[in-house]
Every structure is written in structure tokens, then in C-alpha cells.
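See structure below.
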Amino acid sequence: MEMKNIFDQTVTQQVLARLDKLTPDAQRQWGKMTVSQMLAHCNVPYELVYEDKHPRPNAFVRFFLKLLVKETVVGQKPYRQNSRTAPYFIIKEEKDFNAEKIRLSDYIKKTQELGPKYFNGLASSSFGPLTTAEWNVMFYKHLDHHLTQFGV
């Protein structure tokens, strides 16, 4: 999988164009989420960076996340279909499609505008400090996985 640079304006525009192709009746190719739930799910990584909305794992849990999960999240290997996710990434209730789509678009734009220097060494709530390359992989790989899940 080619890991594009989400901090590049051209890549950001490509991702936003894919996002714009989503409709409220888009059908998943795998998994259980509706398109609205998927959008809310894709907002969670950005909420973890920009908002104080989710509890921070304690030191013991962070140790095991770094040990067992970090490479899956920030590594180059694509996510498997139907792979497990952290509890706060699970969206059980139906969400407002347009509101979630706008929020995700705004988060993607904000991330690109802040740029790679902002993220270099920034601590993830689960993994501790990450490099810009690791933040890029985490953001881009997750978005690409779920946009592909819904055929865009």
C-alpha cells in the first residue's frame, strides 16, 4: 500500500474528494457500521488530538497498547477487514450523516493546515510521542481503509 502524506495539500484534497462522494445511502463492502457510524468512527482519532472527549488510558494500559497495538496502527501494513477496534472507536448509535461528514472534513483540513511540524513528537493518548511519519500513517491509513470500505 502506498502511504500518501495527509499533510500534503494535494493528498488532503484527494481524500476530501473521496469523502464528498459518500452519500447517506452508501453501502459497506464489509463490516457492521453504517456510513454515518463510519464517519463518526473516523472522527475519533481527531477527537483524541483536538478535543478532551475520551478518557486517557492509564499507564498500564498504555504500556500494553504500545507493546501490542502501536505497530498495527502506525505501521505500513494495511488494516485487515473486520479487525477489532478500541472501545471508544465503536459507534453503536446512528449518527447524523451530514454533521459527521462536515466534522471529518474540518478535522482533515485542520490537520493539513497545522502541518507536519505540529505533529512531530506530539503525544498520542494511547502510544505516547509519535513522529510525523507515524501520525501520517495513522491518519491516512485509517481514512483510506474506511473510505475503501464504502467504495470511495
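All of the numbers you see were taken from the coordinates with simple rules; none came from a lab. The structure presented is a predicted model; accordingly, all values stated were derived computationally and were not measured. Cβ placement follows ideal geometry from the backbone for every residue including glycine, while neighbour counts extend to all protein chains displayed.
Observations on the structure shown:
- Computed from the C-beta positions of Thr131 and Ser105, the FRET efficiency with R₀ = 30 Å rounds to 0.75.
- Exposure proxy order (Cβ contacts within 10 Å, fewest to most) of Glu113, Glu134: Glu113, Glu134
- The mean sequence distance of close C-alpha pairs (under 8 Å, at least 6 residues apart), as a share of the length of the chain, puts its relative contact order at 44 percent.
- Each of Phe60, Phe150 was scored by other Cβ atoms within 10 Å of its Cβ. Arranged with the fewest first, they read Phe60, Phe150.
- Coupling constants for the range 23-37 follow from the phi torsions by the Karplus curve (6.51 cos²θ - 1.76 cosθ + 1.60, θ = phi - 60°), and in residue order they are 10, x, 9, 4, 9, 6, 9, 7, x, 10, 6, 7, 4, 5, 5 Hz; glycine and proline get x.
- Distance between modelled label sites at Gln29 and Asn98, nm, 7 Å Cα→Cβ extension: 2.9
- The convex hull drawn around the Cα atoms of the range 1-141, when projected onto a plane and averaged over every direction, covers 8.3 nm².
- For the range 78-152, the relative contact order works out to 28 percent when only alpha carbon pairs closer than 8 Å and six or more residues apart are counted.
- Residue-by-residue Karplus 3J(HN,Hα) for the range 60-70, coefficients 6.51, -1.76, 1.60, Hz, glycine and proline x: 4, 5, 4, 4, 6, 4, 4, 6, 10, 10, 3
- Sorting Trp30, Trp135 from the fewest to the most surrounding beta carbons within 10 angstrom yields Trp30, Trp135.
- Amide H to amide H, with H built 1.01 Å from N, Ile91 comes under 5 Å of no residue 5 or more places away or on another chain.
- Note, ³J(HN,Hα) from phi for the range 86-101, Karplus 6.51, -1.76, 1.60, rounded to Hz, x at Gly and Pro: 5, x, 6, 8, 7, 10, 8, 8, 6, 10, 7, 3, 5, 5, 5, 5
- Assuming charge only on the beta carbon of Lys and Arg (+1) and of Asp and Glu (-1), the dipole of the chain about its Cα centre is about 420 debye to the nearest 20.
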